[in-house]
Amino acid sequence: MTRRRVGPRPPRGADDAGSASILVAVWALALTVVASAAMVLTTVLATRATLASAVDLAALAGASATLKEPGEACPRAVATATANGATVTQCRVAGTEVWVVARARAPAAVEWLAPGRATFLSAQAHAALAAEPP
């Protein structure tokens with residue numbers, strides 16, 4: 001025996017009460033994740049650009065030292081890189097040319113994503129002094 005409902009029927013869609021709230025919460029979460037990822041990427045790119053500038057300056061400082069004191073090229077490059085927040089891992093001099101490779105710690109957000117691992121960014125630069133203007 002089937003029971004019949006007595007009284008008016010509920011309107012269509014009455015079962016959907018509150019579904020918009022869930023949809024808004026899901027979209028808010030998705031937007032938060034995308035915004036957080038964009039912020040992490042932005043800080044990594046800014047740190048990378050700063051590191052690249054530090055390494056470029058270090059290579060130029062080393063190359064300028066080759067004119068007066070060739071033996072001071074790498075120490076000057078290291079000092080310049082250190083002053084700009086980078087750690088030189090390699091320095092090579094050949095005549096008036098200097099090659100510098102350096103690294104710097106990644107932003108804290110990246111280290112948080114990879115716990116227990118040392119995360120570094122790396123950059124390299126080459127500078128040479130010309131004897132005559134081009």
Exercise. What number of residues in the stretch 88-100 are at pLDDT 95 or above and either within 11 Å of L51 (Cβ to Cβ) or of a type in the set (G, A, S) (or both)?
Worked result: 0
For this session: Return a yes/no flag: does the stretch 113-122 have any residue that is modelled with pLDDT under 95, part of a strand (DSSP E or B) and not aromatic (F, W, Y).
Result: yes
For this session: Looking for whichever is among the aliphatic types (A, V, I, L, M), in a helix (DSSP H, G or I) and in contact (Cβ under 8 Å) with a residue 40 or more places away in the chain here; the options are V101, V110. Which one fits?
Result: V110
For this session: Confirm whether V88 is assigned to a helix (DSSP H, G or I) and surrounded by 15 or more Cβ atoms within 10 Å (Cβ to Cβ).
Result: no
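So that you can scan it fast, the table gives a plain yes or no per residue for (1) among the hydrophobic types (A, V, I, L, M, F, W, C); (2) touching a Cys at 6+ places or on another chain (Cβ under 9 Å):
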residue	(1), (2)
V26	yes, no
A38	yes, no
G62	no, yes
A65	yes, yes
R76	no, no
E97	no, no
For this session: Could you please find all residues in the stretch 53-81 being part of a helix (DSSP H, G or I), more than 22 Å from the chain's Cα centre (by Cα) and not aliphatic (A, V, I, L, M)?
Result: G62, S64, T66, K68, P70, G71, E72, C74, P75, R76
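The values are calculated or read from the model by the stated rules, or taken from the named source; none is laboratory data. Since the structure is predicted, the reported quantities are computational estimates derived from the model, not experimental observations. Cβ atoms come from the backbone with ideal geometry, glycine included; neighbour counts cover every protein chain shown.
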